[in-house]
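Asker: One structure, as structure tokens, below. Some questions next.
Just so it is clear, none of the values below were taken in a lab; they were calculated from the coordinates. Note that this is a predicted model, so its numbers are computed, not measured. No Cβ is skipped: glycine too gets one built from the backbone with ideal geometry, and neighbour counts run over all protein chains shown.
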Amino acid sequence: MEKIKEALQTRFHDHRVIFWYDGKKEFSEIFERLDIVQVEKLEVSGNEFEVKYKVLKEANSSKFLLYLPFEKPNNEDNWLLDLELANHIFHTDQEAMFLQELGLDYFLKELIAEHIEFFKSRERKQKLKVLITKDDEQHEIRCKMLSVLFNTDTTNLDQFVQAYASQVINKSKDFDKLLNRFNMNNFFWSEIGKIYNYHSDNPSIYDFLLDLFQHNFVLGEKQNLNIESRLILSTWKNTIPYRDYFGEISERIAVDIQVEEKLNSAQLDEIISDDIFKLTDQRIIHELVSQLIAENLNYEKVAAYIKRRENKFWYPKYSEFYNTIESGAQLIDLVKKYKTHQFSSFENGIKEYTTKFYQVDYAYRKFIRNYRLSKNNNVLHELAEKVERIYNNSWLLPFNDNWQKIIDGIEVWPTNRLYSQQGFFKTHVKPLLDKNQKLFVIISDALRFECGVELHEMIVSENRFESNLEFMLSSLPSYTQLGMASLLPHSSLKVKEGGDSLLVDEMPASGLKGRSKILQSNSGVRATAILAEDLMKMKTKSGGEGREFVKNHDLIYIYHNRIDKTGDDKTSEGKVFEAVADELIYIKDILRKISGLNGTNVFITADHGFIYQNQNLDESDFSLSEYEGDLWKENRRFVIGQNLTGDKNTKKFTTSELNLNNDGLEVLIPKSINRLRIKGAGSRFIHGGASPQEVIVPLLKTAVRKRTDTVSQVNIDIIKSTDRITTNILPVSFIQQELVGEKILSRQIRAGLYAEDGEILSDQFTFNFDIEEGSERQREVKYQFHLSKKASGKYKNQRIRLILEEPLEGTNKWKKYKDFYYTLNITFSSDFD
């Protein structure tokens, strides 16, 4: 009774008079007990004229429920036909009840009857009711029933397939059972046949998927499917709820259709655009490595191949492999380009290292870092051996042998130049303090120059900071105690007798307290020193300890030691490049912290650099130098003492030549990259010597503030030769209008063709525009969009949009960047594949 009452109440929202025929008189008692507010009940039984008069004359604004305990008469015998036609007939059979609950017209009764099991669930009916509209025909309703069945967000057939495919991985038969139970199996597969041209006497989801992947694999056997099958794979890879299933199904199908066998003899150009199977990426990686080892590919060609893989489905899984290969190719080309160089002077050598030669060390660090991230995968092993040989034997050793010729010829270490680390305070810090500007100085132990280059690139790419990259020449020997002391305000530096610690104007420079005291005594302003970890713990809110700390000081030195600490330990030196990666991120976090404390000016520098070789060293890498005297300190890369005698394998400096205030003190530096034999010390990570890698450190002058007026992303446009689309394929040329640089950042876009109602009509194209050189034509990226059948059917002759989207920072969502309008005018012949 309650269901009937509820159904009647719903119908009375739209109708004043409702007819209720009950030929079997099954509902007479229910009618008697029914009580609907503001509705008058009348039983019709030979009193048609009276009823008609009352409804139309006496109470022509009231609502009436007319109960007729007989079958509906023929029209010619129906005295209330005019009244009935103007109002509503209430049906009480099961199908009719379902129709009334859903607000659907009676002519859809056959649809309800055909799928009666579907409508027996209140939950399914509620979900369907939200989706349907009054004008829906049977086809639209069945599609929406499938949406409920598959629990999808849309009524898109592509998404039904994606949801259905998930049961292949889950080893479930639920959807098979539901399609049969609700009598929707024939409808579903007829839609698949109509849209994708898949036909089978015994259709199944996995059989369809086999055809789907086989047909669209670049080396696969073509099935009878049409272009729509390409689009379903494209959208599948970008549909967050189902993209993981795509990967698992792809791997299973790869075995069943013997993809590996087909790929064995494939050439790079054949498969470089394929985006279906993980094995394709494995084959591409294997071939790139082989060609690189054989030196059949240069860096430019390798980078171009890898760029074409960036937007592919499996790229994130193999990004470390691709990055390893690209860095290896870059290193090989750079060494070929620079290995015969001879230095003309000390000044020339410093300039050339900071403008171009550092790139080799940068590429090597990136190579080793990504190789380790790939878990030293066997496919990269031979390339790793080649890169090690080239870096160590063709670059690092001969490069520093040539540099040593310059070192041998100098008599005084240039500590009085503007780029000298010993002049850091006077040259760089004091001018800002004299302008009453607060300054933070971040000193990262062993942050060598090429690491500073990457940090600089990271900072400017964030669009929150300004950064200018300079360099400094560290004190010699290039070790921590001397480097840290050199960065402090001072008149004189002196090695403390018997060891390697420093005195700054006779004040101990070791430890945080010593350095803080020197800053307070010599800087002329309110100055202090702090460990980075302690600063990061401070709260940035107004009135908090962080704000008070900053408020009370004009100059703050911030110390952090991750790289040197990792490298100087024999047990962890192999992880020094991981430490660099972590340190660069941490320094950016420090910058954000300073920004939160209302800081503006920040300098970032280091005490010294380092040399690192990932391979185990040969005996020839250790110096056979014989030296003696009153030894204060021995290290792999330097000896400090008095009355020192060395040999041809070392270069001797007096402390006066190094601008150290010690009478009679001397320093021995092993030549080139040789190490001294020191028991227990690590040997792959070293510093203290005079190589460019050890003595050239970065100086980043960073301003913490918004830079929206000075930095922007590249603009992307298209070359549009027509605004009419006449075939199912639309070629589009995208143009990156500017070169990426310090003030022009890259932009990632996703593009696709959409109808005005939001329906996607094509596959999607994703690309990161980060081109740094070349003419506008060389910055042209072409792509062919494939349009679905809807473009030549439902949306024919309508206006559609090519929408370019960009990622919404911090989310998985995208926002519109630009759009371009086209008119669809696809001819019937385009439907023939």
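Asker: Provide the per-residue ³J(HN,Hα) series for the range 155-168, in order, calculated from phi with Karplus coefficients 6.51, -1.76, 1.60 and θ = phi - 60°, each as a whole number of Hz, with x at glycine and proline positions.
Answerer: Karplus-based 3J(HN,Hα) across the range 155-168 equals 9, 7, 4, 4, 6, 4, 4, 4, 5, 4, 5, 4, 6, 5 Hz.
Asker: Same structure, new question: What angle, in degrees between 0 and 90 and rounded to the nearest 10, separates the Cα long axis of helix 299-309 from the longest principal axis of the Cα atoms of the chain?
Answerer: 30 degrees
Asker: Let me ask something else about it. Output the Cα-based Rg and Dmax of the chain in Å, rounding Rg to one decimal and Dmax to a whole number.
Answerer: 38.8, 135
Asker: Looking at the range 716-808, which GluC sites (Glu not before Pro) are DSSP coil and have at most 14 other C-beta atoms within 10 Å of their C-beta?
Answerer: On the way: sites: E738, E742, E756, E759, E772, E773, E776, E780, E805; in loops: E738, E742, E756, E759, E772, E773, E776.
Taking the range 716-808 and a limit of 14 other Cβ atoms within 10 Å, the loop GluC sites (Glu not before Pro) found are E756, E772, E773, E776.
Asker: From the phi of every residue in the range 731-746, what ³J(HN,Hα) in whole Hz does the Karplus formula 6.51 cos²θ - 1.76 cosθ + 1.60 yield, where θ is phi - 60° and glycine or proline is x?
Answerer: Calculated HN-Hα couplings, in order: x, 10, 9, 8, 10, 7, 6, 10, 7, 6, x, 4, 10, 10, 9, 5 Hz.
Asker: Taking the chain as the reference, fit the longest principal axis to its C-alpha atoms, fit the long axis of helix 138-150 to the helix C-alpha atoms, and give the angle between the two in degrees, 0 to 90, nearest 10.
Answerer: Here the helix axis deviates by roughly 50 degrees.
Asker: Hey, rough spin-label estimate for E385 and I585, points 7 angstrom out along Cα→Cβ, what's it come to in nanometres?
Answerer: Placing both labels 7 Å along Cα→Cβ, they lie 3.3 nm apart.
Asker: Shifting gears a bit: With the dipole of the chain worked out from charges on the C-beta (+1 for Lys and Arg, -1 for Asp and Glu) around the Cα centre, which of F424, A96, S394 lies farthest toward the positive end?
Answerer: The residue sitting farthest along the positive end of the dipole is F424.
Asker: Using only Cα atoms, tell me the angle between helix 2-12 and the longest principal axis of the chain; keep it within 0 to 90° and round to the nearest 10.
Answerer: 90 degrees
Asker: Based on the alpha-carbon gyration tensor of the range 152-257 and its eigenvalue square roots a ≥ b ≥ c, which shape applies: rounded if a/c is under 1.5, prolate if not and a/b is larger than b/c, or oblate? Intermediate results must be reported in sequence, preceding the final value.
Answerer: On the way: a/c = 1.41, a/b = 1.20, b/c = 1.17.
It comes out rounded by the Cα gyration axes.
Asker: Let me ask you something else. Which trypsin sites (Lys or Arg not before Pro) from the range 760-833 combine a DSSP loop assignment with at most 16 other Cβ atoms within 10 Å?
Answerer: Those satisfying the criteria are K794, K796, K813.
Asker: Got a sec? How would E470, E260, E506, E573 order by Cβ neighbour count within 10 Å, fewest to most?
Answerer: On the way: E470 16, E260 13, E506 9, E573 20.
So the ranking, lowest neighbour count to highest, is E506, E260, E470, E573.
Asker: Could you grab the relative contact order for the range 152-257? Cα pairs under 8 Å, six or more apart, rounded to a whole percent. Spell out each step's value before the answer.
Answerer: Numbers: 72 pairs, mean separation 33.0, N = 106.
Over the range 152-257, the number comes to 31 percent.
Asker: So how much slack lies between T811 and S733, counting 0.36 nm per residue of separation and subtracting their Cα-Cα distance, in nm? Provide the component values of the computation, followed by the final result.
Answerer: On the way: separation 78, 0.36 × 78 = 28.08 nm, distance 2.82 nm.
Between T811 and S733, full extension yields an extra 25.3 nm.
Asker: Something else now. What is the gain in length, in nm to one decimal, between D401 and E470 on full extension, counting 0.36 nm per residue of separation less the C-alpha to C-alpha distance?
Answerer: On the way: separation 69, 0.36 × 69 = 24.84 nm, distance 2.56 nm.
Difference between extended and current length: 22.3 nm.
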